[in-house]
Structure formats: structure tokens, C-alpha cells
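Encoded as C-alpha cells, the structure appears first; notes follow it.
Only the coordinates and a few stated rules stand behind these numbers; no lab work does. Note that the coordinates shown come from a computational prediction; the quantities given were computed from them, not determined experimentally. Please note: Cβ atoms are built from the backbone with ideal geometry, for glycine as well, and neighbour counts cover all protein chains shown.
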Amino acid sequence: MADFVLVSACLFGIPCRYDGTHSLRKDLVRKLAGYQVILFCPEVAGGLPIPRPAAWLEGGDGERVIWGGGRVVTAEGKDVTSEFFKGGKQAAEAARKFAVRTAYLKEKSPSCGVKMTSGKEGAFPGLGVASFLLKSQGVKLIGID
């Protein structure tokens, strides 16, 4: 039986990004051909629509958001921290349920960023909300630009 991996759904061509587009990475699709792939979009799982206003982290990265020192806001100023937290928790639950050891996640996303996440002024070093929750339970994170 093949290992399970969790993958940002947009990287497999699912049009779930904030603007209704995807970030298909055909090389990643080929690379993961022998795995059981769990496609996941934490923002949609958290209850946000497609399309939706762009959002970013304020006050720090995903770890700060989880521990209450930051938040996630849209371009219109709406606080969507609870939706990002809910979606991140669901990603972590899926990873636990299927014994996922590795996740391939979209860089520069406020949910899925691994080395870089998204702030009002652009990308900055740090984890997204879902990425932090996955890493906290021992999942190896691989960021895909």
C-alpha cells in the first residue's frame, strides 16, 4: 500500500485559490503518481468561498496566529482568523487520520506557506496557519512555489 501525502489542492489544478484560479504543478503531479494523495484547501475547508477576498497574516506568522498574537485579515479588513484556524485544524485531522508523514504545500500562502507566508506588504519568512498545525504534529513540510 502506498503512503498518503497531503497536498495543497491548488497545486493539482483545483481552482480553489482566493481568485478562483489554481497553481498546477505538473511536475509535482508526476512525482506523486505512486502515492495516495489527499488534496486539501484549508481556506475552503474553513468555510471561505471561491473566489474570496485576498487575505494575509497580521502580527506574525501562523504560529503567532494560533497562539493569539496575530490574526488573518482580508483586503477589506474583515477578520477571517477563525476560518483559517478551522481549516488548519481540519488539515491536521486529515493528516492524523491517514498517517500522513509529508505534506506538499503552496508557498507564500497565509494557510500553506512553509518558508514564506503572506503579509499585507508581501511575502515574509514564516509558516502559514495550516502549515504550523501540520508541523506541530510532526508532518514534514515541503513548500512548492
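Is region 56-66 home to any residue that is of a type in the set (D, E, K, R), buried (at least 20 other Cβ atoms within 10 Å of the Cβ) and at negative phi? Don't jump to the end; show me each part of the working.
In the first step, residues of region 56-66 are kept if they are of a type in the set (D, E, K, R); the result is 58, 61, 63-64.
Those still in the list that are buried (at least 20 other Cβ atoms within 10 Å of the Cβ) too: 61.
Within this subset, residues satisfying the condition of being at negative phi are 61.
Yes, that holds for at least one residue.
Does Leu133 satisfy being part of a helix (DSSP H, G or I) and not small (Gly, Ala, Ser)? Steps first, answer last, please.
On the way: part of a helix (DSSP H, G or I): yes; not small (Gly, Ala, Ser): yes.
Considered against the rule, which asks whether it is part of a helix (DSSP H, G or I) and not small (Gly, Ala, Ser), Leu133 comes out as yes.
Which is in contact with an Asp or Glu (Cβ under 7 Å, 6 or more places away or on another chain) and over 26 Å from Asp3 (Cα atoms), of Leu127, Leu48? Steps first, please.
On the way: Leu127 fails: over 26 Å from Asp3 (Cα atoms).
Going through Leu127, Leu48 in turn, just one is in contact with an Asp or Glu (Cβ under 7 Å, 6 or more places away or on another chain) and over 26 Å from Asp3 (Cα atoms): Leu48.
Residue check: is Gly113 in contact (Cβ under 8 Å) with a residue 12 or more places away in the chain, assigned to a loop (DSSP other than H, G, I, E, B) and closer than 14 Å to Leu133 by Cα?
Values: in contact (Cβ under 8 Å) with a residue 12 or more places away in the chain: yes; assigned to a loop (DSSP other than H, G, I, E, B): yes; closer than 14 Å to Leu133 by Cα: yes.
Judged against the criteria, Gly113 is a match.
Working only within region 72-84, note down all residues that are surrounded by fewer than 18 Cβ atoms within 10 Å (Cβ to Cβ) and either within 16 Å of the chain's Cα centre (by Cα) or not hydrophobic (A, V, I, L, M, F, W, C) (or both). Give the steps one after another, and end with the answer.
Here is the first cut: in region 72-84, the ones surrounded by fewer than 18 Cβ atoms within 10 Å (Cβ to Cβ) are 74-79, 82.
Within region 72-84, Thr74, Glu76, Gly77, Lys78, Asp79, Ser82 meet the criteria.
So, of the residues in region 100-140 that are of a type in the set (D, E, K, R) and within 11 Å of the chain's Cα centre (by Cα), which turns out to be surrounded by the most Cβ atoms within 10 Å (Cβ to Cβ)? Don't jump to the end; show me each part of the working.
Quick first cut of region 100-140, residues of a type in the set (D, E, K, R) only: 101, 106-108, 115, 120-121, 135, 140.
From what is left, the residues that are within 11 Å of the chain's Cα centre (by Cα) are 106-108.
Details: Lys106: 24, Glu107: 20, Lys108: 19.
If we take residues in region 100-140 being of a type in the set (D, E, K, R) and within 11 Å of the chain's Cα centre (by Cα), then Lys106 is surrounded by the most Cβ atoms within 10 Å (Cβ to Cβ).
Give Cys41, Cys10 a once-over and let me know the one that is out of contact with any His (no Cβ under 7 Å at 6 or more places or on another chain) and of a type outside the set (Lys, Arg). So that I can check it myself, show each step before the final result.
Details: Cys10 fails: out of contact with any His (no Cβ under 7 Å at 6 or more places or on another chain).
Unique residue meeting the criteria: Cys41.
Return yes when Lys97 is touching a residue at least 40 places away in the same chain (Cβ under 8 Å) and surrounded by fewer than 23 Cβ atoms within 10 Å (Cβ to Cβ) and no when it is not. Explain how you work it out, then say what you get.
On the way: touching a residue at least 40 places away in the same chain (Cβ under 8 Å): no; surrounded by fewer than 23 Cβ atoms within 10 Å (Cβ to Cβ): yes.
In short, no.
Tally the residues that are more than 16 Å from Leu11 (Cβ to Cβ) and not in a loop (DSSP other than H, G, I, E, B), restricting the search to region 119-130.
Filtering region 119-130 for residues more than 16 Å from Leu11 (Cβ to Cβ) gives 119-127, 129.
If we keep only those that are not in a loop (DSSP other than H, G, I, E, B) too, we end up with 119, 122-125, 129.
Residues that pass the stated criteria total 6.
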